[in-house]
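Here is the structure we will look at.
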Amino acid sequence: MFSRFHFWAAIGLVALAFIASAIVYPRLPERIPIHWNFQGEIDRYGDRWTIFLMPCFMLLMMGVMALLPWASLRTEDIDVNRPVYGRLMVILVALFAFIHAMILYGAFGGDSSSRLLIAGLCVFLGFIANLLGKIDRNCLIGVRTPWTIASERVWIETHRLAAWLGVASAAIGFVMALLPFAPPWIAFIVVMAGFLYPVVHSFIAFRRYARQGVL
């Protein structure tokens, strides 16, 4: 499903995460931060061996994404989207590599607030949103609603909207996350609104085209 470049790029990120964890493990404190709340405060700690969980999860995610196309009812559609699927896999693995880096940063006394974490998440979500306009209709990835699956025209319109709206909301969320006077959760709401509205729009577009008789 993936090109060799995408596969080895993801494997490289997983390997770096494992190597970094092994190098810093002897110097880690007995308890390390593993979760932050919407107020930017650490609300959960774990034993230092948990530093290996994220690299394992990254590897598991690669395996799941490699197997998903086998579960698709229309493998020919997935083949058309092979380059986009490969880039999506690399971006997701890189996203969790970033989260892993932030956990290491916090474990060694770095800024424990969630502002940097949320800002970084916004960057990766912007990369994901940029891919949406390049996805052909399929049953595995994208804004898959009953209305986009039923109509090629609705699929194209919805994904073009999702691409620019997702990138714009991610950019706004990035700025909001770094503003010292803005609560970090506001950035999360902005980004989620940008990613969820295309679902609503797909229904609106389908109804509009149905009334016009041009589906």
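The values are calculated or read from the model by the stated rules, or taken from the named source; none is laboratory data. Note that the structure is a prediction, hence the values are computed from the model and not measured. Note that each Cβ is placed from the backbone with ideal geometry, even for glycine, and that neighbours are counted across all protein chains shown.
Test residue 169 against the criterion of being modelled with pLDDT of 95 or more and over 17 Å from the mean Cα position of the chain (by Cα), and give yes or no. Here the answer is no, as residue 169 does not meet what is asked. Residues that are surrounded by fewer than 15 Cβ atoms within 10 Å (Cβ to Cβ) and either of a type in the set (Val, Ile, Thr) or at pLDDT 95 or above (or both) within the stretch 175-192 comprise 175, 189, listed in sequence order. Taking residue 103 and the conditions (1) touching a strand residue (DSSP E or B) at 6+ places or on another chain (Cβ under 7 Å); (2) closer than 23 Å to residue 193 by Cα, which numbered condition does it fall short on, given that it satisfies the others? Condition not satisfied by residue 103: (2).
Taking the criterion of being of a type outside the set (A, V, I, L, M) and more than 13 Å from residue 170 (Cα to Cα), the residues of the stretch 189-206 that qualify are 197, 198, 201, 202, 203, 206. Only a single item in (1) at pLDDT 95 or above; (2) surrounded by fewer than 18 Cβ atoms within 10 Å (Cβ to Cβ) is not met by residue 136, and it is number (1).
When the test is whether a residue is within 13 Å of the chain's Cα centre (by Cα), assigned by TED's automatic domain parsing to the domain that holds residue 68 and of a type outside the set (Phe, Trp, Tyr), residue 90 passes it. Selection of the stretch 164-174 for residues being surrounded by 20 or more Cβ atoms within 10 Å (Cβ to Cβ) and either without any contact (Cβ under 8 Å) to a residue 24 or more places away in the chain or of a type in the set (A, V, I, L, M) (or both) yields only 170.
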